[in-house]
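Notes follow the structure.
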Amino acid sequence: MNADIVTLKTHTKASSNSLNGVDRKKGKMYFVNSMSEYQAHFRCIDKDCSETYPVDEIIYRCRKCNNLLDVQHDMNMLAKKTPEKWRELFDSRYRKQSWPFGSGVWGKKEWVLPSIADENIVSMYEGCTNLFWAERFGKQVGVKDLWIKMCGNSHTGSFKDLGMTVLVSAVNQMISDNVSIPAVACASTGDTSAALAAYCASAGIPSIVFLPKNKVSIAQLIQPISNGALVLSLDTDFDGCMEMVQRITSEHNIYLANSINSLRIEGQKTVSIELCQQFDWEVPDWVIIPGGNLGNVSALGKGFLMMYELGIIKKLPRIVCAQAQNANPLYLSFLKGFKEFTPVKAKKTLANAIQIGNPVSINKAISILKQFEGIVEQASENELSHASAMADRTGTFNCPHTGVALAVFLKLLDRKVISTKEKIVVISTAHGLKFVEFKSGYHKSAIEGVSSELNNIPVELPNDYKTVRDAIQRRIPVQ
Ligand SMILES: *Cc1c(COP(=O)(O)O)cnc(C)c1O
Ligand SMILES: [Zn+2]
(Lines give C-alpha, C1' and ligand atoms only; values in the text may rest on other atoms or scores of the structure.)
(Ligands and ions follow the chains in the order given, each with its own letter.)
Protein backbone atom coordinates (compact mmCIF):
# COMPACT_ATOMS: atom_id res chain seq x y z
CA MET A 1 0.00 0.00 0.00
CA ASN A 2 1.29 3.43 -0.84
CA ALA A 3 -0.10 5.99 1.55
CA ASP A 4 -0.26 9.45 0.15
CA ILE A 5 1.51 12.31 1.78
CA VAL A 6 -1.53 14.44 2.42
CA THR A 7 -3.07 11.90 4.77
CA LEU A 8 0.28 11.52 6.48
CA LYS A 9 0.37 15.18 7.38
CA THR A 10 -2.97 15.05 9.19
CA HIS A 11 -1.89 11.86 10.83
CA THR A 12 1.27 13.54 12.11
CA LYS A 13 -0.61 16.30 13.78
CA ALA A 14 -3.04 14.03 15.57
CA SER A 15 -0.42 11.61 16.78
CA SER A 16 2.18 14.15 17.80
CA ASN A 17 -0.44 15.98 19.83
CA SER A 18 -1.12 12.85 21.80
CA LEU A 19 2.57 12.05 22.03
CA ASN A 20 3.76 12.62 25.57
CA GLY A 21 1.15 15.35 25.76
CA VAL A 22 3.50 17.68 23.94
CA ASP A 23 2.32 19.97 21.20
CA ARG A 24 4.51 20.92 18.33
CA LYS A 25 5.30 24.50 17.64
CA LYS A 26 3.07 25.57 14.76
CA GLY A 27 4.66 26.01 11.40
CA LYS A 28 7.78 24.01 12.25
CA MET A 29 6.80 20.69 10.82
CA TYR A 30 9.23 20.53 7.98
CA PHE A 31 10.32 17.02 8.90
CA VAL A 32 7.39 15.53 7.02
CA ASN A 33 6.09 18.60 5.32
CA SER A 34 9.48 19.40 3.89
CA MET A 35 10.84 20.97 0.77
CA SER A 36 12.00 17.59 -0.44
CA GLU A 37 10.10 16.08 -3.32
CA TYR A 38 10.96 12.66 -1.92
CA GLN A 39 8.94 11.25 0.95
CA ALA A 40 9.03 8.29 3.27
CA HIS A 41 6.82 6.83 5.98
CA PHE A 42 6.83 3.92 8.41
CA ARG A 43 4.95 0.85 7.30
CA CYS A 44 4.13 -2.31 9.23
CA ILE A 45 6.16 -5.22 7.83
CA ASP A 46 3.17 -7.56 8.10
CA LYS A 47 1.79 -7.67 4.55
CA ASP A 48 -1.74 -8.32 5.80
CA CYS A 49 -1.59 -5.23 7.99
CA SER A 50 0.60 -2.67 6.16
CA GLU A 51 -0.50 0.08 8.55
CA THR A 52 1.45 3.28 7.94
CA TYR A 53 2.71 5.98 10.28
CA PRO A 54 4.51 9.25 9.66
CA VAL A 55 8.27 8.98 9.80
CA ASP A 56 8.56 11.69 12.45
CA GLU A 57 6.28 9.92 14.87
CA ILE A 58 7.75 8.23 17.93
CA ILE A 59 6.74 4.68 17.23
CA TYR A 60 8.73 1.46 17.09
CA ARG A 61 6.15 -1.25 16.53
CA CYS A 62 2.82 -1.36 14.73
CA ARG A 63 0.01 -0.31 17.05
CA LYS A 64 -2.39 -2.67 15.32
CA CYS A 65 -0.42 -5.90 15.24
CA ASN A 66 2.79 -5.19 17.21
CA ASN A 67 5.02 -6.14 14.28
CA LEU A 68 8.16 -4.23 13.33
CA LEU A 69 7.99 -1.21 11.07
CA ASP A 70 9.96 -0.49 7.98
CA VAL A 71 10.69 2.85 6.35
CA GLN A 72 8.89 2.81 3.03
CA HIS A 73 10.05 5.29 0.40
CA ASP A 74 7.95 6.78 -2.36
CA MET A 75 9.48 4.57 -5.03
CA ASN A 76 7.46 6.14 -7.84
CA MET A 77 9.03 9.47 -7.08
CA LEU A 78 12.51 7.97 -6.84
CA ALA A 79 11.95 6.16 -10.15
CA LYS A 80 11.51 9.49 -11.92
CA LYS A 81 15.27 9.87 -11.90
CA THR A 82 17.03 7.45 -14.23
CA PRO A 83 19.49 4.87 -12.87
CA GLU A 84 22.31 6.74 -14.62
CA LYS A 85 21.33 9.99 -12.90
CA TRP A 86 21.25 8.34 -9.47
CA ARG A 87 24.64 6.77 -10.01
CA GLU A 88 26.03 10.10 -11.18
CA LEU A 89 24.55 11.94 -8.22
CA PHE A 90 25.90 9.43 -5.69
CA ASP A 91 29.31 9.37 -7.35
CA SER A 92 29.50 13.16 -7.47
CA ARG A 93 28.99 13.41 -3.71
CA TYR A 94 31.11 10.48 -2.59
CA ARG A 95 33.80 11.56 -0.09
CA LYS A 96 33.42 15.21 -1.05
CA GLN A 97 33.33 18.02 1.46
CA SER A 98 29.93 19.55 0.76
CA TRP A 99 28.17 18.88 4.04
CA PRO A 100 26.45 16.52 4.75
CA PHE A 101 26.63 14.78 1.36
CA GLY A 102 30.23 13.62 1.64
CA SER A 103 29.04 11.16 4.28
CA GLY A 104 28.51 7.65 2.89
CA VAL A 105 25.03 7.75 4.39
CA TRP A 106 23.91 11.31 3.61
CA GLY A 107 25.31 11.16 0.10
CA LYS A 108 22.26 8.93 -0.41
CA LYS A 109 19.93 11.18 1.58
CA GLU A 110 16.99 10.90 -0.84
CA TRP A 111 16.97 7.16 -0.23
CA VAL A 112 17.56 7.38 3.50
CA LEU A 113 15.55 10.12 5.18
CA PRO A 114 14.72 12.66 2.50
CA SER A 115 12.65 15.09 4.50
CA ILE A 116 15.10 15.93 7.27
CA ALA A 117 16.52 19.45 7.26
CA ASP A 118 20.24 19.45 6.48
CA GLU A 119 21.01 21.67 9.47
CA ASN A 120 19.63 19.05 11.85
CA ILE A 121 21.74 16.22 10.52
CA VAL A 122 24.25 14.86 13.02
CA SER A 123 27.04 13.38 10.94
CA MET A 124 30.64 12.37 11.47
CA TYR A 125 31.26 11.46 7.86
CA GLU A 126 30.35 7.85 8.47
CA GLY A 127 30.52 5.32 5.68
CA CYS A 128 32.92 5.64 2.75
CA THR A 129 34.86 2.80 4.34
CA ASN A 130 37.47 1.03 2.28
CA LEU A 131 36.77 -2.13 0.37
CA PHE A 132 39.86 -4.18 1.03
CA TRP A 133 40.97 -6.56 -1.69
CA ALA A 134 41.90 -9.60 0.39
CA GLU A 135 44.33 -10.74 -2.27
CA ARG A 136 46.75 -12.73 -0.12
CA PHE A 137 44.07 -14.27 2.07
CA GLY A 138 42.12 -15.22 -1.05
CA LYS A 139 45.18 -16.72 -2.73
CA GLN A 140 45.68 -19.07 0.21
CA VAL A 141 42.32 -20.64 -0.57
CA GLY A 142 42.39 -20.23 -4.33
CA VAL A 143 40.04 -17.27 -4.60
CA LYS A 144 40.95 -14.20 -6.62
CA ASP A 145 37.96 -11.97 -6.16
CA LEU A 146 37.65 -11.74 -2.38
CA TRP A 147 36.93 -8.42 -0.72
CA ILE A 148 36.43 -7.28 2.85
CA LYS A 149 34.23 -4.25 3.40
CA MET A 150 35.88 -2.53 6.34
CA CYS A 151 32.85 -1.06 8.10
CA GLY A 152 34.84 -0.83 11.34
CA ASN A 153 37.05 1.93 9.92
CA SER A 154 34.56 4.44 11.15
CA HIS A 155 34.16 7.10 13.81
CA THR A 156 33.35 4.76 16.72
CA GLY A 157 34.93 1.69 15.13
CA SER A 158 31.87 -0.22 13.97
CA PHE A 159 29.15 -0.15 11.31
CA LYS A 160 26.71 1.02 13.98
CA ASP A 161 27.65 4.59 13.01
CA LEU A 162 25.80 4.15 9.71
CA GLY A 163 22.47 3.72 11.45
CA MET A 164 23.09 5.95 14.40
CA THR A 165 23.69 9.05 12.31
CA VAL A 166 20.16 8.66 10.94
CA LEU A 167 18.51 7.96 14.27
CA VAL A 168 20.23 10.76 16.17
CA SER A 169 19.60 13.19 13.29
CA ALA A 170 15.90 12.29 13.40
CA VAL A 171 15.85 12.91 17.16
CA ASN A 172 17.68 16.18 16.66
CA GLN A 173 15.05 17.18 14.12
CA MET A 174 12.24 16.27 16.52
CA ILE A 175 13.85 18.23 19.35
CA SER A 176 14.16 21.22 17.05
CA ASP A 177 10.44 20.70 16.30
CA ASN A 178 9.84 20.99 20.06
CA VAL A 179 9.03 17.35 20.73
CA SER A 180 9.97 16.52 24.32
CA ILE A 181 12.80 13.97 24.23
CA PRO A 182 14.95 14.24 27.38
CA ALA A 183 17.27 11.39 26.38
CA VAL A 184 17.94 8.58 23.92
CA ALA A 185 18.57 5.06 25.24
CA CYS A 186 19.75 1.70 23.98
CA ALA A 187 20.63 -1.76 25.16
CA SER A 188 23.88 -2.84 23.67
CA THR A 189 26.45 -5.54 23.32
CA GLY A 190 28.94 -2.67 23.09
CA ASP A 191 29.04 -1.07 19.68
CA THR A 192 25.55 0.40 19.56
CA SER A 193 26.15 2.20 22.83
CA ALA A 194 29.46 3.57 21.59
CA ALA A 195 27.80 4.95 18.47
CA LEU A 196 24.80 6.32 20.33
CA ALA A 197 26.96 8.03 22.95
CA ALA A 198 29.22 9.65 20.35
CA TYR A 199 26.46 10.95 18.07
CA CYS A 200 24.41 12.20 21.02
CA ALA A 201 27.46 13.92 22.52
CA SER A 202 28.13 15.57 19.20
CA ALA A 203 24.58 16.92 19.11
CA GLY A 204 24.37 17.71 22.84
CA ILE A 205 21.58 15.18 23.46
CA PRO A 206 21.73 13.12 26.70
CA SER A 207 22.16 9.37 26.16
CA ILE A 208 21.57 6.32 28.38
CA VAL A 209 23.17 2.96 27.64
CA PHE A 210 22.18 -0.39 29.14
CA LEU A 211 25.05 -2.85 29.10
CA PRO A 212 25.25 -6.43 30.34
CA LYS A 213 27.71 -6.33 33.23
CA ASN A 214 31.12 -7.88 32.46
CA LYS A 215 30.07 -8.90 28.94
CA VAL A 216 31.51 -6.08 26.85
CA SER A 217 35.14 -5.28 26.13
CA ILE A 218 36.96 -2.48 27.96
CA ALA A 219 37.26 -0.56 24.71
CA GLN A 220 33.51 -0.82 24.15
CA LEU A 221 32.76 0.23 27.72
CA ILE A 222 35.11 3.19 27.75
CA GLN A 223 33.58 4.80 24.67
CA PRO A 224 30.16 5.70 26.16
CA ILE A 225 31.87 6.56 29.44
CA SER A 226 34.16 9.02 27.65
CA ASN A 227 31.32 10.51 25.67
CA GLY A 228 29.46 11.25 28.88
CA ALA A 229 26.55 8.82 28.52
CA LEU A 230 24.68 7.56 31.58
CA VAL A 231 26.11 4.03 31.62
CA LEU A 232 23.92 1.44 33.33
CA SER A 233 25.71 -1.84 33.88
CA LEU A 234 23.01 -4.43 34.47
CA ASP A 235 23.42 -7.78 36.11
CA THR A 236 21.93 -9.66 33.14
CA ASP A 237 22.70 -10.52 29.51
CA PHE A 238 21.94 -8.53 26.35
CA ASP A 239 18.44 -9.94 26.01
CA GLY A 240 17.75 -8.85 29.60
CA CYS A 241 19.02 -5.32 28.87
CA MET A 242 16.85 -5.22 25.78
CA GLU A 243 13.71 -6.04 27.77
CA MET A 244 14.56 -3.40 30.33
CA VAL A 245 15.21 -0.61 27.83
CA GLN A 246 12.00 -1.43 25.94
CA ARG A 247 10.05 -1.18 29.17
CA ILE A 248 11.70 2.08 30.25
CA THR A 249 11.26 3.72 26.85
CA SER A 250 7.64 2.59 26.51
CA GLU A 251 6.71 4.04 29.90
CA HIS A 252 8.66 7.31 29.62
CA ASN A 253 9.42 9.80 26.89
CA ILE A 254 12.95 8.48 26.47
CA TYR A 255 13.66 7.64 22.83
CA LEU A 256 14.63 4.06 21.95
CA ALA A 257 17.72 3.65 19.77
CA ASN A 258 17.83 -0.11 19.26
CA SER A 259 17.54 -1.55 15.79
CA ILE A 260 13.88 -2.32 16.46
CA ASN A 261 13.83 1.36 15.49
CA SER A 262 13.80 1.10 11.73
CA LEU A 263 15.43 4.49 11.17
CA ARG A 264 18.76 2.83 11.84
CA ILE A 265 18.17 0.30 9.08
CA GLU A 266 17.89 3.20 6.62
CA GLY A 267 21.46 4.27 7.36
CA GLN A 268 22.83 0.74 7.51
CA LYS A 269 21.36 -0.19 4.14
CA THR A 270 23.77 2.25 2.47
CA VAL A 271 26.48 -0.39 2.92
CA SER A 272 25.18 -2.36 -0.05
CA ILE A 273 24.79 0.76 -2.16
CA GLU A 274 28.28 1.85 -1.26
CA LEU A 275 29.90 -1.45 -2.02
CA CYS A 276 28.29 -1.63 -5.46
CA GLN A 277 29.43 1.94 -6.02
CA GLN A 278 32.98 0.91 -5.09
CA PHE A 279 32.82 -1.81 -7.76
CA ASP A 280 31.65 0.77 -10.31
CA TRP A 281 28.10 -0.50 -9.80
CA GLU A 282 28.92 -4.12 -10.33
CA VAL A 283 27.15 -6.59 -8.00
CA PRO A 284 29.15 -9.30 -6.19
CA ASP A 285 27.97 -12.91 -6.31
CA TRP A 286 28.03 -13.34 -2.54
CA VAL A 287 27.90 -11.12 0.50
CA ILE A 288 28.68 -12.72 3.86
CA ILE A 289 27.68 -10.83 6.98
CA PRO A 290 27.72 -11.73 10.68
CA GLY A 291 24.31 -11.58 12.37
CA GLY A 292 23.11 -11.17 15.95
CA ASN A 293 20.03 -9.02 16.36
CA LEU A 294 19.72 -9.33 12.55
CA GLY A 295 19.15 -5.67 11.77
CA ASN A 296 22.27 -5.48 9.65
CA VAL A 297 21.51 -8.42 7.37
CA SER A 298 18.03 -6.96 6.87
CA ALA A 299 19.54 -3.58 6.03
CA LEU A 300 22.03 -5.10 3.62
CA GLY A 301 19.22 -6.79 1.72
CA LYS A 302 17.08 -3.69 1.72
CA GLY A 303 19.81 -1.62 0.07
CA PHE A 304 20.17 -4.18 -2.71
CA LEU A 305 16.42 -4.42 -3.22
CA MET A 306 16.08 -0.65 -3.59
CA MET A 307 18.86 -0.52 -6.16
CA TYR A 308 17.33 -3.44 -8.02
CA GLU A 309 13.86 -1.94 -8.05
CA LEU A 310 15.18 1.36 -9.37
CA GLY A 311 17.23 -0.35 -12.08
CA ILE A 312 20.59 0.69 -10.69
CA ILE A 313 21.73 -2.92 -10.53
CA LYS A 314 20.61 -5.77 -12.73
CA LYS A 315 21.02 -8.73 -10.41
CA LEU A 316 20.98 -9.56 -6.72
CA PRO A 317 23.81 -11.26 -4.85
CA ARG A 318 23.28 -14.23 -2.60
CA ILE A 319 23.44 -13.33 1.06
CA VAL A 320 24.98 -15.46 3.78
CA CYS A 321 24.27 -14.70 7.40
CA ALA A 322 27.04 -15.98 9.66
CA GLN A 323 26.25 -16.81 13.27
CA ALA A 324 28.34 -17.88 16.22
CA GLN A 325 27.54 -21.48 17.07
CA ASN A 326 26.99 -20.33 20.66
CA ALA A 327 24.24 -17.92 19.62
CA ASN A 328 22.65 -19.50 16.57
CA PRO A 329 18.84 -19.19 16.63
CA LEU A 330 18.66 -18.13 12.96
CA TYR A 331 20.88 -21.02 11.93
CA LEU A 332 18.58 -23.48 13.71
CA SER A 333 15.58 -21.94 11.97
CA PHE A 334 17.36 -22.12 8.60
CA LEU A 335 17.89 -25.86 9.11
CA LYS A 336 14.11 -26.14 9.32
CA GLY A 337 13.58 -24.14 6.15
CA PHE A 338 12.63 -21.08 8.24
CA LYS A 339 9.33 -22.81 8.97
CA GLU A 340 9.72 -22.22 12.67
CA PHE A 341 11.78 -20.04 14.93
CA THR A 342 12.64 -20.62 18.56
CA PRO A 343 14.73 -18.16 20.54
CA VAL A 344 17.72 -19.70 22.33
CA LYS A 345 19.63 -18.76 25.44
CA ALA A 346 22.80 -17.34 23.91
CA LYS A 347 25.97 -18.86 25.31
CA LYS A 348 29.17 -16.91 25.81
CA THR A 349 31.00 -16.23 22.57
CA LEU A 350 34.14 -14.31 21.70
CA ALA A 351 31.96 -12.56 19.12
CA ASN A 352 30.15 -10.75 21.93
CA ALA A 353 28.27 -8.30 19.69
CA ILE A 354 26.31 -11.22 18.27
CA GLN A 355 25.72 -13.03 21.55
CA ILE A 356 21.98 -12.72 21.10
CA GLY A 357 19.43 -15.49 21.52
CA ASN A 358 16.22 -13.64 20.70
CA PRO A 359 16.92 -11.38 17.72
CA VAL A 360 14.56 -8.47 17.35
CA SER A 361 14.73 -8.33 13.54
CA ILE A 362 14.10 -12.03 12.99
CA ASN A 363 11.10 -11.56 10.67
CA LYS A 364 12.85 -8.97 8.53
CA ALA A 365 15.96 -11.13 8.27
CA ILE A 366 14.06 -14.26 7.23
CA SER A 367 12.16 -12.30 4.62
CA ILE A 368 15.40 -10.90 3.21
CA LEU A 369 17.17 -14.26 3.20
CA LYS A 370 14.30 -15.82 1.29
CA GLN A 371 14.55 -13.13 -1.37
CA PHE A 372 18.32 -13.52 -1.74
CA GLU A 373 18.50 -17.32 -1.84
CA GLY A 374 20.08 -16.86 1.51
CA ILE A 375 22.15 -19.25 3.56
CA VAL A 376 22.81 -19.27 7.28
CA GLU A 377 25.94 -20.97 8.55
CA GLN A 378 27.60 -21.05 11.94
CA ALA A 379 31.15 -20.96 13.26
CA SER A 380 32.56 -22.40 16.47
CA GLU A 381 34.83 -20.41 18.78
CA ASN A 382 37.84 -22.25 17.38
CA GLU A 383 36.79 -21.68 13.77
CA LEU A 384 36.14 -17.97 14.20
CA SER A 385 39.42 -17.45 16.03
CA HIS A 386 41.40 -19.34 13.43
CA ALA A 387 39.82 -17.55 10.47
CA SER A 388 40.36 -14.21 12.15
CA ALA A 389 44.04 -14.97 12.82
CA MET A 390 44.50 -16.31 9.30
CA ALA A 391 43.21 -13.07 7.80
CA ASP A 392 45.32 -11.00 10.20
CA ARG A 393 48.37 -12.80 8.88
CA THR A 394 47.51 -11.30 5.50
CA GLY A 395 47.25 -7.75 6.76
CA THR A 396 43.83 -7.24 8.35
CA PHE A 397 43.22 -6.65 12.03
CA ASN A 398 39.71 -7.94 12.21
CA CYS A 399 37.19 -8.33 15.02
CA PRO A 400 35.77 -11.71 16.16
CA HIS A 401 32.47 -11.10 14.31
CA THR A 402 34.40 -10.66 11.10
CA GLY A 403 36.12 -13.89 12.16
CA VAL A 404 32.70 -15.58 12.21
CA ALA A 405 31.99 -14.35 8.67
CA LEU A 406 35.44 -15.40 7.42
CA ALA A 407 35.10 -18.85 8.99
CA VAL A 408 31.72 -19.28 7.31
CA PHE A 409 33.25 -18.17 4.01
CA LEU A 410 35.93 -20.86 4.37
CA LYS A 411 33.31 -23.51 5.18
CA LEU A 412 31.10 -22.67 2.20
CA LEU A 413 34.12 -22.60 -0.07
CA ASP A 414 35.20 -25.97 1.25
CA ARG A 415 31.74 -27.38 0.62
CA LYS A 416 31.84 -25.83 -2.88
CA VAL A 417 28.68 -23.85 -2.22
CA ILE A 418 30.80 -20.84 -3.08
CA SER A 419 33.07 -21.34 -6.07
CA THR A 420 36.61 -20.00 -6.32
CA LYS A 421 35.65 -18.08 -9.47
CA GLU A 422 33.03 -15.94 -7.81
CA LYS A 423 33.14 -12.39 -6.50
CA ILE A 424 32.75 -12.46 -2.74
CA VAL A 425 32.40 -9.68 -0.21
CA VAL A 426 32.78 -10.28 3.51
CA ILE A 427 31.33 -7.55 5.69
CA SER A 428 33.73 -6.64 8.49
CA THR A 429 31.56 -5.11 11.17
CA ALA A 430 34.02 -3.63 13.66
CA HIS A 431 37.61 -2.59 14.10
CA GLY A 432 39.87 -5.21 15.68
CA LEU A 433 41.26 -2.64 18.11
CA LYS A 434 37.98 -2.81 20.01
CA PHE A 435 38.70 -6.46 20.75
CA VAL A 436 42.27 -6.60 21.96
CA GLU A 437 41.38 -9.02 24.78
CA PHE A 438 40.30 -11.48 22.09
CA LYS A 439 43.49 -10.93 20.09
CA SER A 440 45.85 -11.14 23.04
CA GLY A 441 44.02 -14.13 24.50
CA TYR A 442 44.44 -15.90 21.18
CA HIS A 443 48.14 -15.19 20.87
CA LYS A 444 48.78 -16.20 24.49
CA SER A 445 46.89 -19.47 23.78
CA ALA A 446 44.70 -18.54 26.71
CA ILE A 447 41.24 -19.09 25.24
CA GLU A 448 39.60 -22.32 26.31
CA GLY A 449 38.59 -24.49 23.39
CA VAL A 450 40.65 -22.45 20.92
CA SER A 451 43.78 -24.05 19.50
CA SER A 452 45.73 -20.85 18.67
CA GLU A 453 47.54 -22.51 15.76
CA LEU A 454 48.67 -19.17 14.37
CA ASN A 455 49.74 -17.57 17.61
CA ASN A 456 52.68 -15.23 17.65
CA ILE A 457 54.35 -14.46 20.93
CA PRO A 458 56.86 -11.73 21.61
CA VAL A 459 60.40 -13.03 22.14
CA GLU A 460 61.77 -11.72 25.41
CA LEU A 461 65.50 -11.11 25.32
CA PRO A 462 68.26 -9.52 27.33
CA ASN A 463 69.72 -6.38 25.80
CA ASP A 464 72.57 -8.33 24.21
CA TYR A 465 73.66 -8.13 20.56
CA LYS A 466 74.47 -11.81 19.96
CA THR A 467 71.31 -13.10 21.59
CA VAL A 468 69.23 -10.67 19.57
CA ARG A 469 70.97 -11.65 16.32
CA ASP A 470 70.50 -15.37 17.05
CA ALA A 471 66.84 -14.84 17.83
CA ILE A 472 66.36 -13.21 14.43
CA GLN A 473 68.31 -16.00 12.68
CA ARG A 474 66.08 -18.63 14.24
CA ARG A 475 63.03 -17.13 12.61
CA ILE A 476 64.31 -15.34 9.50
CA PRO A 477 67.48 -16.42 7.73
CA VAL A 478 69.56 -13.26 7.27
CA GLN A 479 73.07 -12.81 5.91
C1 LIG B 1 25.95 -5.08 16.10
C2 LIG B 1 27.05 -5.88 15.58
C3 LIG B 1 26.85 -7.04 14.83
C4 LIG B 1 25.50 -7.63 14.59
O5 LIG B 1 24.61 -6.83 13.88
P6 LIG B 1 23.05 -7.15 14.00
O7 LIG B 1 22.37 -6.08 13.29
O8 LIG B 1 22.75 -7.13 15.49
O9 LIG B 1 22.84 -8.50 13.45
C10 LIG B 1 27.94 -7.69 14.30
N11 LIG B 1 29.18 -7.24 14.53
C12 LIG B 1 29.42 -6.15 15.25
C13 LIG B 1 30.82 -5.73 15.47
C14 LIG B 1 28.37 -5.42 15.81
O15 LIG B 1 28.62 -4.35 16.54
ZN1 LIG C 1 0.73 -4.03 11.71
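Worth a mention:
- Given (1) aliphatic (A, V, I, L, M); (2) within 16 Å of ligand 1 (Cβ to nearest atom); (3) outside the structural domain of Ala391 (by TED's automatic domain parsing), index of the condition Ile148 fails: (3)
- Screening Gln355 with (1) within 15 Å of ligand 1 (Cβ to nearest atom); (2) in contact with a Ser or Thr (Cβ under 7 Å, 6 or more places away or on another chain); (3) over 22 Å from Gly190 (Cα atoms) gives one miss only, at (3).
- Some residue of the range 331-349 being within 17 Å of the chain's Cα centre (by Cα), modelled with pLDDT of 95 or more and in a helix (DSSP H, G or I): no
Residues checked against (1) touching a His at 6+ places or on another chain (Cβ under 7 Å); (2) over 18 Å from Ala299 (Cα atoms); (3) at pLDDT 95 or above; (4) away from ligand 2 (no atom under 16 Å from the Cβ):
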site	(1), (2), (3), (4)
Lys26	no, yes, no, yes
Met29	no, yes, no, yes
Glu37	no, yes, no, yes
Cys49	no, yes, yes, no
Ile59	no, yes, no, no
Leu69	no, no, yes, no
Asp74	no, no, yes, yes
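- Candidates Val408, Val404, Val450, Val426, filtered to the one that is crowded, with 16+ Cβ neighbours inside 10 Å, hydrophobic (A, V, I, L, M, F, W, C) and outside the structural domain of Thr270 (by TED's automatic domain parsing): Val450
- Among residues of the range 222-252, those that are in contact with a Leu (Cβ under 8 Å, 6 or more places away or on another chain) and in a loop (DSSP other than H, G, I, E, B), counted: 1
- Criterion: assigned to a helix (DSSP H, G or I), on the phi < 0 side of the Ramachandran plot, out of contact with any Phe, Trp or Tyr (no Cβ under 9 Å at 6 or more places or on another chain) and basic (Lys, Arg) - qualifying residue of Lys144, Lys139: Lys139
- Any hit, the range 207-222, residues being farther than 19 Å from Phe435 by Cα, buried (at least 18 other Cβ atoms within 10 Å of the Cβ) and aliphatic (A, V, I, L, M): yes
- Lys364 vs. criteria of a type in the set (D, E, K, R) and either farther than 23 Å from Glu274 by Cα or out of contact with any Asp or Glu (no Cβ under 8 Å at 6 or more places or on another chain) (or both): no
- Those residues of the range 226-243 which are closer than 25 Å to Ala170 by Cβ and either assigned by TED's automatic domain parsing to the domain that holds Gly292 or surrounded by fewer than 16 Cβ atoms within 10 Å (Cβ to Cβ) (or both), in sequence order: Ser226, Gly228, Leu230, Glu243
- Only residues that are part of a helix (DSSP H, G or I) and either of a type in the set (Asp, Glu) or over 21 Å from Asp239 (Cα atoms) (or both) were counted in the range 197-218, giving 6.
- Taken as a whole, the structure places Val209 among residues that are outside the structural domain of Glu422 (by TED's automatic domain parsing) and away from ligand 2 (no atom under 16 Å from the Cβ).
- Scan of the range 121-145 for residues that are touching a helix residue (DSSP H, G or I) at 6+ places or on another chain (Cβ under 6 Å), farther than 17 Å from Glu266 by Cα and surrounded by 19 or more Cβ atoms within 10 Å (Cβ to Cβ), ordered by number: Phe137
The values are calculated or read from the model by the stated rules, or taken from the named source; none is laboratory data. Worth saying up front: this structure is predicted, and the values here are computed from it rather than measured. Cβ: placed from backbone, ideal geometry, glycine included. Neighbour counts: every protein chain shown.
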